[in-house]
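Have a look at the structure below, then the notes.
We did not get these values from a lab; they are worked out from the coordinates using the rules stated. These numbers come from a predicted model, not from an experiment. Backbone-built Cβ (ideal geometry, glycine too); neighbour counts: all protein chains shown.
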Amino acid sequence: MNSLESMQVLPTEGEGRETAMLAAVVGPTTPVWVVEDHLDELEALADTAGADVVGRMTQPRMKPNVATYLGSGKVSELTHEAKNKGANLLIFDEDLTPVQVRNLEQKTGLKVIDRSALILDIFARRARTAEAKVQVELAQLQYYMPRLTKMWSHLAGQQGGIGFRGPGETQLEVDRRIVTQRITMLRKKLEKIGQQRETRRRSRRGTPTAALVGYTNVGKSTLLNALSGTKDAFVENRLFATLDPKWRQVGSESGRQFLLIDTVGFIRKLPHHLVASFRSTLEEAQTADVIVHVADLSHPLFEDQIVQTEKVLKELGLEEKPTLLVFNKIDQVDNPAIVDKARQNHPEALFVSAVKGMRIWELRDVLEERLFVSKSDVDLEVTPDQLKLLDQIGGSLELRNKQWHEGVIQLTLSGPKPDVDNALRTLGMPVRA
Ligand SMILES: Nc1nc2c(ncn2[C@@H]2O[C@H](COP(=O)(O)OP(=O)(O)OP(=O)(O)O)[C@@H](O)[C@H]2O)c(=O)[nH]1
Ligand SMILES: [Mg+2]
């Protein structure tokens, strides 16, 4: 097998499941229960990827060992336990360096992967559309490129060996050239698909749109089904059920129609290559008038998941969009103190259950209000340049009561609140809650 073929780290569906052990370092400032929760999530990821987890091991350390991530005694212990339990795979919760992977594989005799490789593998299996497939492959190649170098560097140094040298080239150079060419080709393909997407997007322009975003498995697709009265968005109690954005029309009581987009879920440490190559998919959310940030109130780490989601939104330049926080799965929360605390921390948020249909009507009304009704009037003082900018934005914005005073213009800016807020941001002015 050459190094490119070995990229598929877990078998494809139907080839049987693998058996894995999980491992993590507990840093000096992280409580053990948080690490355990992260490992629960890693176990869910492993399950989604097709591996049964038979054990986990953690080690308190000031920082990971540079060569082997865990200390050498712990590596021996892990090897012993993995072999006893019949595991063939070790999954580490943090990203490993190529050197750590190589050392660990040598020392344990087992296959070693990290969280990023696992997430990439799941995306690779889940990708169904041409666009998703290209996006995942691009992310995978970029992830493996530096590892490829390290994988071959010890062999390349020998200048030879049967099978490791092309005509005048080392195998490493051949591999890198192939990967680089493929990356270029995939980028071009994505660009083309992106243009087609833009054309489709343009045809929807003018219809108010909301986008569902949030941590994976919080119930975005279930909510899409509940709000649109359909059942066709794919829902599963596994991570990353949705990779491609789905559009549904939602009708309100008053007969108004708006569009709702379902998007790919986020996760702690989403590999940045994935965010980068899924940018055009995620950009669907950029065209939305309102972002509906869905959180799972029944998850012990929901506050952390909210922070992680906000991080990715920021990476995508979406942090300034008008956002509505929605806590889902309230049917699964028995402790009223959890609801009270969430309400205190997030006074603007709504609380719903997509599965039980609880307070879905309220969410629809608030969305309608944000998208259609909520007008905002703001009195401003602007410079002539800022006035020009406002004129350029145009659209649904109205500029009323203009009065000039010694080079400054006083006016009232009026329009749907999301648009007024966006205009204020464009001018670099503060936005009112
Ligand atoms: N109890 C309960 N379960 C829910 C609720 N909403 C969704 N679920 C369950 O949560 C799981 C995930 O739901 P999805 O709608 O696939 O979640 P998602 O956010 O689209 O997930 P990804 O596409 O993987 O990011 C499924 O098993 C749903 O049945 C809810 O209100 N209450
Ligand atoms: Mg989904």
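Could you pull out every one of the lysines with an alpha carbon less than 19 Å from that of residue 356, ignoring same-chain neighbours closer than 8 positions? Within the straight-line cut-off, residue 356 pairs with 220, 231, 329. Residues considered: 391, 52, 40. Largest GNM mean-square fluctuation over the chain, using C-alpha springs under 10 Å, is found at 391. Size descriptor for the chain, Kirkwood hydrodynamic radius: 24.5 Å (Cα pairs only, one decimal). Where only DSSP H runs of four or more residues are counted, the chain gives -14000 deg cm²/dmol as its mean residue ellipticity at 222 nm, each run worth -39500 (n - 2.57). About the centre of its Cα atoms, the chain shows a dipole size close to 1180 debye [charges on the beta carbon of Lys, Arg (+1) and Asp, Glu (-1) only; nearest 20 debye].
Based on the Stokes-Einstein relation at 20 °C and a viscosity of 1.002 mPa s, and on the Kirkwood radius from alpha carbon pairs, the stretch 208-303 is assigned a translational diffusion coefficient of 155 µm²/s. Distant-in-sequence amide contacts of residue 209, defined by a placed amide H-H separation under 5 Å and a gap of 5 or more residues or a different chain, comprise 259, 289, 290. So how tilted is helix 115-126 from the main axis of the chain? Cα-based, degrees 0 to 90, rounded to 10. It is inclined by approximately 70 degrees.
Of all the options 111, 246, 188, the one that moves most in a Gaussian network model of the chain with Cα springs shorter than 10 angstrom is 188. Only lysines eight or more places from residue 402 in sequence, or on another chain, were considered; those with a Cα closer than 22 Å are 375, 388, 417. Quick one: grab the alpha carbon gyration tensor of the stretch 206-372, order the square roots of its eigenvalues as a ≥ b ≥ c, and give me rounded if a/c is under 1.5, else prolate or oblate depending on whether a/b is larger than b/c. It comes out rounded by the Cα gyration axes. Among 284, 131, 362, the largest mean-square fluctuation in a Gaussian network model of the chain (Cα springs under 10 Å) belongs to 362. Shown for 404, 247: other C-beta atoms within 10 Å of each C-beta, ranked fewest to most, produce the order 404, 247. Once the C-beta distance of residue 362 and residue 88 is scaled by a Förster radius of 60 Å, the resulting FRET efficiency is 0.75 to the nearest 0.05.
Assuming charge only on the beta carbon of Lys and Arg (+1) and of Asp and Glu (-1), the dipole of the stretch 213-354 about its Cα centre is about 200 debye to the nearest 20. Bridgeable lysines around residue 189 (alpha carbons under 19 Å apart, same-chain partners fewer than 8 residues away excluded): 133. Going by neighbour counts of Cβ atoms within 10 Å, the residues 293, 405 line up, fewest first, as 405, 293. Counting only Cβ charges, +1 for Lys and Arg and -1 for Asp and Glu, the dipole size of the stretch 5-123 around its Cα centre is about 640 debye. Each of 380, 416, 401 was placed along the dipole of the stretch 375-426 (beta-carbon charges, centred on the mean Cα), and the one lying farthest toward the positive end is 416. Relative contact order for the chain: 11 percent, from Cα pairs under 8 Å spaced at least 6 residues apart, divided by residue count.
Rounded to the nearest Hz, the phi-derived 3J(HN,Hα) couplings of the stretch 38-55 under the Karplus curve 6.51 cos²θ - 1.76 cosθ + 1.60 (θ = phi - 60°) are 4, 6, 4, 5, 4, 5, 5, 5, 4, 4, 4, 7, x, 10, 8, 8, 10, x, where x marks glycine and proline.
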